[in-house]
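Quick one: structure below, then a few questions.
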Amino acid sequence: MGTHMTGGRLLHGGDYNPEQWLERPEILEEDIILMKEAGINCVTLGVFSWSMLEPEEGRYDFAWLAERIDRLYENGIQVILATPSGAMPHWLTQKYPEVMQVQEDEKRNLPGLRHNFCYTSPVMREKIRRMDLELSRRFGKHSAVILWHISNELGGNWGDGACHCEQCQSAFREWLRQKYHTLEELNHAWWNRFWSHVYTDWEQIHSPAPHGEALSHGLKLDWKRFVTEQMTDFCRGEIYAVRKYSNRPVTTNFMDFFKNLNYHRLQSCLNVISWDSYPQWHASKDEVPAAVRAAAGHSMMRSMKKQPFLLMESTPSCVNWRSFNPVKRPGMHMLSSMQAIAHGSDSVLYFQWRKSRGAYEKFHGAVVDHRNGGAARTFREVSEVGERLAAVQGLIEGTVNRPGAAIVFDWENWWALEDASGPRLDLDYVSEVLKHYQVFWEQGVDVDFVSMDEAFESYRIVCAPVNYLYRKGYAERVRAYVESGSCYVSTWFSGVADDTDLCFTGHHPLEDVLGILPEEIDAPGEGFENGFVYQGAHYSTGRICEIVHAAADTQVLAAYEQDFYAGCPAVARHSFGQGTGYYVAAETGLDFLRAFYQELLSEAGLHSPLGVPLPYGVTTAVRSGEREIVFVMNFRQENVSLQGIGDWEDAETGEICRDRLELGGFSLKMIRRKGA
Ligand code: GAL
């Protein structure tokens with residue numbers, strides 16, 4: 001999107017629910033005053049407002065919304081307008097129970113909650129279509145409205161987020177027919193002679209359920225694909241409706257590593273990517289795990305379109321849904337907000353502007369609390385963010401992040417890997433991927449996340465941790481990428497199964513590139529510890545040791561020390577064409593990955609722009625356009641001093657940093673090359 005959509009502004013604001021306060025005009029008036037004080041320039045309206053926008057079927061009441069939009073606009077505040085499908089009004093569920101989801105156990109939900117509509121239901125689709133058309137007709141060209149926010153956190157319900165009603169089952173069967181054409185094809189793809197599961201009639205197929213077919217991996221994988229397609233289709237229906245009278249771009253808010261929906265598919269129907277980020281700050285004194293996960297989320301969202309994204313929700317203070325909910329310590333709000341900007345966000349938006357008086361989120365952090373209005377610490381820190389964003393938007397305008405490294409993160413791999421039923425049942429794709437990401441983060445090297453379908457050519461190094469599933473054509477593209485001179489890292493349990501989770505027989509699909517021949521995969525129990533020596537240092541292996549053999553021209557960089565596979569490669573390097581393939585055969589810890597990637601990054605010429613090793617908790621990210629801005633972030637509570645970095649200029653203050661940079665605890669500086 002870029003700041004052009006917002007007239008060059010970095011957006012600052014968030015979810016605003018005036019409908020909860022319509023009887024309190026003094027509160028609504030105070031909102032405007034406080035928003036201006038806090039440097040708020042954009043709010044999101046209408047996310048859960050259906051019952052107030054259509055109090056009874058077919059009777060629309062937009063007066064309160066129109067009044068608010070006008071009032072905000074008069075005060076220079078732009079609006080992201082949401083469609084209200086995230087929560088259904090009671091008149092709707094009462095009259096048309098079919099709009100409520102059916103759970104895996106085939107029980108229909110009772111009314112209430114949110115994010116629990118059936119996305120197949122023609123009634124639901126028609127009711128929301130009418131609402132969206134009305135909203136579009138009424139507000140779609142309003143100068144205040146800059147963006148449509150479709151629904152809320154699609155798929156974000158309990159369980160698999162899916163609806164299992166009869167209409168969804170039929171749609172699933174139809175989707176399967178389109179995909180496989182014949183039952184013979186489908187039976188083969190899902191390996192259905194196993195346990196006598198051969199289908200002879202399409203009607204025999206049911207969605208996965210704990211008390212039904214819970215163990216057919218092919219079925220489960222296709223069901224997840226179908227759920228994504230159906231949800232995307234629902235979203236497209238809403239987009240089509242709001243665009244009827246409006247040319248404003250559309251987004252929907254994504255979530256942190258959200259397994260239920262393949263965002264690489266859903267993103268294709270959106271103009272702008274946005275997401276809701278709620279890192280677990282202050283869970284301990286070590287903020288690095290939270291900082292890494294947040295950075296990875298931002299990087300993921302940016303990578304979706306290789307463009308700036310929007311931080312749609314974040315908390316100004318605490319959340320209310322973890323077992324304990326610390327408030328952000330002084331400085332953390334500024335740091336975490338600017339961290340989003342550093343990794344490519346063009347906004348800092350919050351959930352929520354004002355705490356509701358009652359109901360589930362009354363203790364969730366907000367810019368304005370029940371008491372103390374503009375006098376509270378949170379409000380002050382939010383205002384400081386507002387001030388800073390306004391001051392730096394000129395520096396950020398037109399810039400994007402262009403990392404030289406990528407990590408393959410693929411939803412289909414995620415689904416298949418964690419459902420593989422071997423070699424361990426507790427494989428955790430996200431934490432394995434985050435281990436690799438953390439090492440880049442510690443080196444101050446930003447990373448894109450790419451799906452298996454994307455072009456790798458703009459990256460000097462691509463790593464694909466636990467890439468179990470290879471989609472058709474993937475191995476060929478990796479082969480061409482390495483051959484032309486790039487570096488590809490693969491790990492244990494990679495290249496095992498195809499699109500429908502059928503294991504490859506014969507060779508590993510990238511055997512020639514990686515120079516390894518996998519033979520067995522061991523998940524050793526306690527007392528069977530293993531390890532290896534890499535570049536003179538000893539590392540322990542984790543809970544998976546793949547037993548592979550090296551091809552004649554493969555360089556074994558480290559070999560297992562123990563057990564019957566002592567001497568087999570634990571880490572291998574293989575030249576292929578102009579490039580190199582690496583194989584890490586054992587699960588390893590951060591200690592090994594640090595040493596390993598340090599070597600690869602320096603070979604690839606990738607390093608932090610500061611050119612020096614960064615202390616633990618400190619990282620960098622770069623946004624470049626006509627000029628290059630380097631963000632230096634300190635997630636430690638203590639001050640740090642970085643030396644030997646060459647001469648820089650503080651991009652905000654103009655202060656010259658001669659070969660050193662001082663950073664306070666929980667702080668961020670934006671610097672550029674002196675004279676740039
Ligand atoms: C988000 C949701 C918001 C609010 C927030 C609380 O997931 O979109 O409506 O509930 O969480 O953290």
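Would you call Y565 in a loop (DSSP other than H, G, I, E, B) and either open to solvent by less than 20 Å² (accessible area, probe 1.4 Å) or modelled with pLDDT under 95 (or both)?
Details: in a loop (DSSP other than H, G, I, E, B): yes; either open to solvent by less than 20 Å² (accessible area, probe 1.4 Å) or modelled with pLDDT under 95 (or both): yes.
The answer is yes for Y565.
Could you check the stretch 22-64 and list, in sequence order, the residues that are more than 16 Å from the ligand (Cβ to nearest atom) and among the hydroxyl-bearing types (S, T, Y)?
Passing the criteria: only Y60.
Further question: Would you be able to tell me the number of residues in the stretch 244-256 that are within 16 Å of the ligand (Cβ to nearest atom) and either surrounded by fewer than 18 Cβ atoms within 10 Å (Cβ to Cβ) or among the acidic types (D, E) (or both)? Quick ask: steps written out before the conclusion?
Within the stretch 244-256, the subset within 16 Å of the ligand (Cβ to nearest atom) is 251-256.
So of that shortlist, the ones also either surrounded by fewer than 18 Cβ atoms within 10 Å (Cβ to Cβ) or among the acidic types (D, E) (or both) come out as 256.
Number of matching residues: 1.
Also, quick follow-up: Pull up the stretch 28-82, narrow it to residues that are in contact with a strand residue (DSSP E or B) (Cβ under 7 Å, 6 or more places away or on another chain) and polar (S, T, N, Q), then point me to the one that is nearest to D346 (Cα to Cα).
Here the residue is N41.
Please determine, by comparing only the residues of the stretch 320-365 that are open to solvent by 10 Å² or more (accessible area, probe 1.4 Å) and among the aliphatic types (A, V, I, L, M), which one is farthest from the ligand (Cβ to nearest atom).
Ranking the candidates gives M334 first.
Here is a yes/no grid of residues against (1) free of Cβ contacts under 8 Å to residues at least 24 places away in the same chain; (2) open to solvent by less than 10 Å² (accessible area, probe 1.4 Å):
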| site | (1), (2) |
| --- | --- |
| R24 | yes, no |
| N41 | no, no |
| T44 | no, yes |
| E57 | no, no |
| L65 | no, yes |
| N75 | no, no |
| I80 | no, yes |
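Right, next: Looking at the stretch 309-319, is at least one residue small (G, A, S), in contact with a helix residue (DSSP H, G or I) (Cβ under 9 Å, 6 or more places away or on another chain) and either at pLDDT below 95 or within 16 Å of the ligand (Cβ to nearest atom) (or both)?
So in the stretch 309-319, the residues small (G, A, S) come out as 314, 317.
Checking which are in contact with a helix residue (DSSP H, G or I) (Cβ under 9 Å, 6 or more places away or on another chain) leaves us with 314, 317.
This time we only want the ones that are either at pLDDT below 95 or within 16 Å of the ligand (Cβ to nearest atom) (or both), so: 314, 317.
The answer is yes, given that some residue of the stretch 309-319 is small (G, A, S), in contact with a helix residue (DSSP H, G or I) (Cβ under 9 Å, 6 or more places away or on another chain) and either at pLDDT below 95 or within 16 Å of the ligand (Cβ to nearest atom) (or both).
Residues checked against (1) over 30 Å from L502 (Cβ atoms); (2) surrounded by fewer than 17 Cβ atoms within 10 Å (Cβ to Cβ):
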{"position": "V385", "(1), (2)": "yes, no"}
{"position": "A391", "(1), (2)": "yes, yes"}
{"position": "G394", "(1), (2)": "yes, yes"}
{"position": "N401", "(1), (2)": "yes, no"}
{"position": "A405", "(1), (2)": "yes, no"}
{"position": "V408", "(1), (2)": "no, no"}
{"position": "E412", "(1), (2)": "no, no"}
{"position": "A420", "(1), (2)": "no, no"}
{"position": "D428", "(1), (2)": "no, yes"}
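Another one. Any idea which of E381, E442, E432 is closer than 19 Å to A296 by Cβ and more than 19 Å from the chain's Cα centre (by Cα)? Full working, then the answer.
Numbers: E381 fails: closer than 19 Å to A296 by Cβ; E432 fails: more than 19 Å from the chain's Cα centre (by Cα).
None of the other options fit; the residue is E442.
Just give me the residues in the stretch 651-671 being of a type outside the set (S, T, Y), within 22 Å of S337 (Cα to Cα) and touching a strand residue (DSSP E or B) at 6+ places or on another chain (Cβ under 6 Å), in sequence order.
A651, E652, L661, E662, L663, L668, K669, M670, I671
To keep it simple, each residue is scored yes or no on (1) among the basic types (K, R); (2) more than 16 Å from the ligand (Cβ to nearest atom); (3) in a loop (DSSP other than H, G, I, E, B); (4) open to solvent by less than 40 Å² (accessible area, probe 1.4 Å).
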{"residue": "R265", "(1), (2), (3), (4)": "yes, yes, no, no"}
{"residue": "P279", "(1), (2), (3), (4)": "no, no, yes, yes"}
{"residue": "H298", "(1), (2), (3), (4)": "no, yes, no, yes"}
{"residue": "S303", "(1), (2), (3), (4)": "no, yes, no, yes"}
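Considering every residue within the stretch 479-496, establish whether at least one is charged (D, E, K, R) and farther than 19 Å from H436 by Cβ.
Yes, the conditions are met somewhere in the stretch 479-496.
A follow-up question, please. When you go through H211, H181 one by one, which is the residue that is free of Cβ contacts under 8 Å to residues at least 24 places away in the same chain, open to solvent by 60 Å² or more (accessible area, probe 1.4 Å) and more than 16 Å from the ligand (Cβ to nearest atom)? First the steps, then the outcome.
Working: H211 fails: free of Cβ contacts under 8 Å to residues at least 24 places away in the same chain.
One residue alone meets the criteria, H181.
Continuing with the same structure: Please go through the stretch 149-178 and give me each residue that is within 16 Å of the ligand (Cβ to nearest atom) and crowded, with 21+ Cβ neighbours inside 10 Å, ordered by number. Working first, answer last.
Taking the stretch 149-178 and keeping what is within 16 Å of the ligand (Cβ to nearest atom), we get 149-158, 161.
Answer for the stretch 149-178, where residues must be within 16 Å of the ligand (Cβ to nearest atom) and crowded, with 21+ Cβ neighbours inside 10 Å: H149, I150, S151, N152, E153, L154, G155, G161.
Follow-up question, since we're still on this one. Looking at this structure, is H12 surrounded by fewer than 22 Cβ atoms within 10 Å (Cβ to Cβ) and either out of contact with any Asp or Glu (no Cβ under 7 Å at 6 or more places or on another chain) or without any contact (Cβ under 8 Å) to a residue 24 or more places away in the chain (or both)?
Values: surrounded by fewer than 22 Cβ atoms within 10 Å (Cβ to Cβ): no; either out of contact with any Asp or Glu (no Cβ under 7 Å at 6 or more places or on another chain) or without any contact (Cβ under 8 Å) to a residue 24 or more places away in the chain (or both): yes.
Considered against the rule, which asks whether it is surrounded by fewer than 22 Cβ atoms within 10 Å (Cβ to Cβ) and either out of contact with any Asp or Glu (no Cβ under 7 Å at 6 or more places or on another chain) or without any contact (Cβ under 8 Å) to a residue 24 or more places away in the chain (or both), H12 comes out as no.
Return a yes/no flag: does the stretch 430-451 have any residue that is open to solvent by 10 Å² or more (accessible area, probe 1.4 Å) and over 24 Å from L601 (Cβ atoms).
Within the stretch 430-451, not a single residue is open to solvent by 10 Å² or more (accessible area, probe 1.4 Å) and over 24 Å from L601 (Cβ atoms).
For residues in the stretch 590-627 being part of a loop (DSSP other than H, G, I, E, B) and open to solvent by less than 10 Å² (accessible area, probe 1.4 Å), which is nearest to G344 (Cα to Cα)? Even if it seems obvious, please write down each step before you answer.
At the first step, the residues of the stretch 590-627 found to be part of a loop (DSSP other than H, G, I, E, B) are 605-617, 625-627.
After this cut, where a residue has to be open to solvent by less than 10 Å² (accessible area, probe 1.4 Å) as well, the list is 608, 610, 617.
On the way: S608: 17, L610: 19, G617: 20 Å.
By that ranking, first place goes to S608.
The values are calculated or read from the model by the stated rules, or taken from the named source; none is laboratory data. Just so you know, these numbers come straight off a predicted model, no measurement behind them. Methodologically, a virtual Cβ is constructed for each residue, glycine included, from the backbone with ideal geometry; neighbour enumeration extends over all protein chains shown. Heads up: the accessible areas ignore ligands, DNA and RNA and are worked out on the full protein's heavy atoms, side chains in. Shrake-Rupley method; radii C 1.70, N 1.55, O 1.52, S 1.80 Å.
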